[in-house]
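The values are calculated or read from the model by the stated rules, or taken from the named source; none is laboratory data. Since the model is a prediction, treat every value here as computed from it, not as a measurement. Every residue, glycine as well, gets a Cβ built from its backbone with ideal geometry; the counts of neighbours run over all protein chains shown. Ligands, DNA and RNA are excluded from the accessible area calculation, which covers all protein heavy atoms including side chains. Shrake-Rupley method; radii C 1.70, N 1.55, O 1.52, S 1.80 Å.
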Amino acid sequence: GENVEQHPSTLSVQEGDSAVIKCTYSDSASNYFPWYKQELGKRPQLIIDIRSNVGEKKDQRIAVTLNKTAKHFSLHITETQPEDSAVYFCAARSGPGNKLVFGAGTILRVKS
Amino acid sequence: SAVISQKPSRDICQRGTSLTIQCQVDSQVTMMFWYRQQPGQSLTLIATANQGSEATYESGFVIDKFPISRPNLTFSTLTVSNMSPEDSSIYLCSVGTASPSGNTIYFGEGSWLTVV
């Protein structure tokens, strides 16, 4: 089955700097890669996603890139702000049933 | 995106008891899932809730421990049976909604269970 690895497990950046979180997946049939942000005590919120027919997608300060050959995808946050501090999860979907397999998560701390 | 409501939002349960979590969606959805998030951990799929038939469980999860119902396209329940402290987790209902580019997965608010 699908296996998703996520790095780093924790990331501290200064406010205004960029943050990059990387994920690799094992199943070449995976075709959908969402990113979720989870603030303390809250549900995971979808922040951006990318499908396998696209290499890059951007939404304001957030972008995701996908390299299907290397089977990895990355989340890029520019001009980080303290409210970006949260746990970020990547996920990959493959096979029948639309099931998502999640990475272990990255704790992002933005220091002001 | 769909509005996904879960009840209860939070509960403290005695070990050995069972608790049923409800998930209500404001529109008909074909895909409904139940996830577990143990403290400080990632999300793990428990099962896919199938409308009108038995749920499809992931490895490590069994129907006797986590019975699931899905009587229609907007509602599902997950029961956590014979609870132990190891069952203390967030239980999340998830749905897939169709869009022109494909299906997108959203989560309910979660049910935070503490077993004492």
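Take the stretch A:15-47 and flag every residue that is surrounded by 15 or more Cβ atoms within 10 Å (Cβ to Cβ), aliphatic (A, V, I, L, M) and more than 11 Å from chain B (Cβ to nearest Cβ). Scanning the stretch A:15-47 gives A:Ala19, A:Val20, A:Ile21, A:Ile47. Restrict the check to the stretch A:32-51 and report whether at least one residue is in contact with a Leu (Cβ under 7 Å, 6 or more places away or on another chain), without any contact (Cβ under 8 Å) to a residue 24 or more places away in the chain and aliphatic (A, V, I, L, M). Yes: one or more hits.
The residue of the stretch B:106-116 that is surrounded by the fewest Cβ atoms within 10 Å (Cβ to Cβ), among those that are more than 10 Å from chain A (Cβ to nearest Cβ) and not in a loop (DSSP other than H, G, I, E, B), is B:Thr114. All of B:Asn103, B:Asn72 fail the test of being more than 22 Å from A:Gly105 (Cα to Cα) and open to solvent by 50 Å² or more (accessible area, probe 1.4 Å), apart from B:Asn72. Taken over the stretch A:89-112, the criterion of being in a strand (DSSP E or B), within 11 Å of another protein chain (Cβ to nearest Cβ) and of a type outside the set (Gly, Ala, Ser) is satisfied by A:Phe89, A:Cys90, A:Arg93, A:Leu100, A:Val101, A:Phe102, A:Thr106, A:Ile107. Considered as a group, the residues in the stretch B:84-105 that are touching a Leu at 6+ places or on another chain (Cβ under 9 Å) and within 14 Å of chain A (Cβ to nearest Cβ) include one that is nearest to A:Asn53 (Cα to Cα), and that residue is B:Thr104. Could you say which residue among B:Ser89, B:Ser5, B:Ser18, B:Ser1 is open to solvent by less than 10 Å² (accessible area, probe 1.4 Å) and in contact (Cβ under 8 Å) with a residue 40 or more places away in the chain? Only one candidate passes the filter, namely B:Ser89.
Evaluate the stretch B:92-99: report whether one residue or more is outside any strand (DSSP E or B) and either open to solvent by less than 20 Å² (accessible area, probe 1.4 Å) or at pLDDT 95 or above (or both). If you could, list the steps in order and put the result at the bottom.
Looking only at the stretch B:92-99, we keep the residues that are outside any strand (DSSP E or B), and these are none.
Scanning the stretch B:92-99, I find no residue that is outside any strand (DSSP E or B) and either open to solvent by less than 20 Å² (accessible area, probe 1.4 Å) or at pLDDT 95 or above (or both), so the answer is no.
Test A:Asp59 against the stated conditions and say whether it is surrounded by fewer than 13 Cβ atoms within 10 Å (Cβ to Cβ) and of a type in the set (Asp, Glu). Walk me through it before giving the result.
On the way: surrounded by fewer than 13 Cβ atoms within 10 Å (Cβ to Cβ): yes; of a type in the set (Asp, Glu): yes.
The answer is yes for A:Asp59.
Within the stretch B:56-68, is even one residue touching a residue at least 24 places away in the same chain (Cβ under 8 Å), within 19 Å of A:Gln38 (Cβ to Cβ) and either open to solvent by less than 20 Å² (accessible area, probe 1.4 Å) or of a type in the set (D, E, K, R) (or both)? Spell out how you get there, then give the answer.
Taking the stretch B:56-68 first, the residues touching a residue at least 24 places away in the same chain (Cβ under 8 Å) are B:66, B:68.
With the extra rule that they be within 19 Å of A:Gln38 (Cβ to Cβ), the set shrinks to none.
No, that holds for no residue.
Name the residue, out of B:Ser69, B:Ser76, B:Ser81, B:Ser18, that is touching a Lys or Arg at 6+ places or on another chain (Cβ under 6 Å), over 30 Å from A:Ile48 (Cβ atoms) and of a type in the set (S, T, N, Q).
Numbers: B:Ser69 fails: touching a Lys or Arg at 6+ places or on another chain (Cβ under 6 Å); B:Ser76 fails: over 30 Å from A:Ile48 (Cβ atoms); B:Ser18 fails: touching a Lys or Arg at 6+ places or on another chain (Cβ under 6 Å).
Answer to the selection: B:Ser81.
Out of the residues in the stretch B:34-51 meeting the condition of being within 7 Å of chain A (Cβ to nearest Cβ) and either more than 12 Å from the chain's Cα centre (by Cα) or not aliphatic (A, V, I, L, M) (or both), tell me which one is nearest to B:Ser99 (Cα to Cα). The residue in question is B:Thr48.
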